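J.: Can you read through this structure? Questions will come right after.
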Amino acid sequence: MSPPLEAAAGVARHLPAVQLLMAIGSRARGDARPESDWDFAYLARPDLDELSLRAGLVEALGSERLDLVDLSRAGGLIRYHAARDGVVLFEREPRLAERFRIEAAGFWCDMGSIIRQAYDATLARLDR
C-alpha cells in the first residue's frame, strides 16, 4: 500500500466509529493522473463525526481534493463500483469488506438492469 493510503488507513484506525474505509475511483483502479482527486468510501457507526474523518484525511494526504462516500447511504451503482474496484484500507472487524462486497454485488445483480433502465430514461428526458 502506498504511503498516502497507509496514512488514510491510520486516520480510520484512530476513529472508533469507522468500521470500513476503502479507496475508490481512479487511484484505487490505478489509472489516476497527478491532478486526480482522492475518493474514499466508508461504513461507520451512526456516531461518526464525518467532519473529523474528512479533516483527518485532508491532513494525512496533504490535499483538500477528496470525495467521501458513506456506503450505507450510497446508491446501488456506487456501492457496486466500490465493491468491484475498491481497495480496502481498513476494516475494524475481519471479513467486513467481504460481507459488504457480497451484499453490494448481490444487490446489483438483482437490480442493476432496472436501475440502468431508469438512468437511461432519465438521461433521455434530459437530452430533449
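J.: Test Ala32 against the criterion of being more than 17 Å from Ala12 (Cβ to Cβ) and in contact with a helix residue (DSSP H, G or I) (Cβ under 9 Å, 6 or more places away or on another chain), and give yes or no.
T.: So Ala32 passes the test.
J.: If a residue counts only when it is surrounded by 21 or more Cβ atoms within 10 Å (Cβ to Cβ), which strands (runs of 3 or more DSSP E) contained entirely in the stretch 1-114 have at least 1 such residues?
T.: Because the criterion is at least 1 residues that are surrounded by 21 or more Cβ atoms within 10 Å (Cβ to Cβ), the strands (runs of 3 or more DSSP E) in the stretch 1-114 that meet it are 18-24, 38-44, 87-91.
J.: Would you tally the residues in the stretch 38-60 being over 17 Å from Val88 (Cβ atoms) and in contact with a strand residue (DSSP E or B) (Cβ under 6 Å, 6 or more places away or on another chain)?
T.: Of the residues in that region, 1 qualify.
Each value in this text was obtained by applying a stated rule to the coordinates, not by laboratory testing. No experiment lies behind these values; they were computed from the predicted model shown. As a convention, Cβ positions derive from the backbone with ideal geometry for all residues, glycine included, and neighbour counts pool all protein chains shown.
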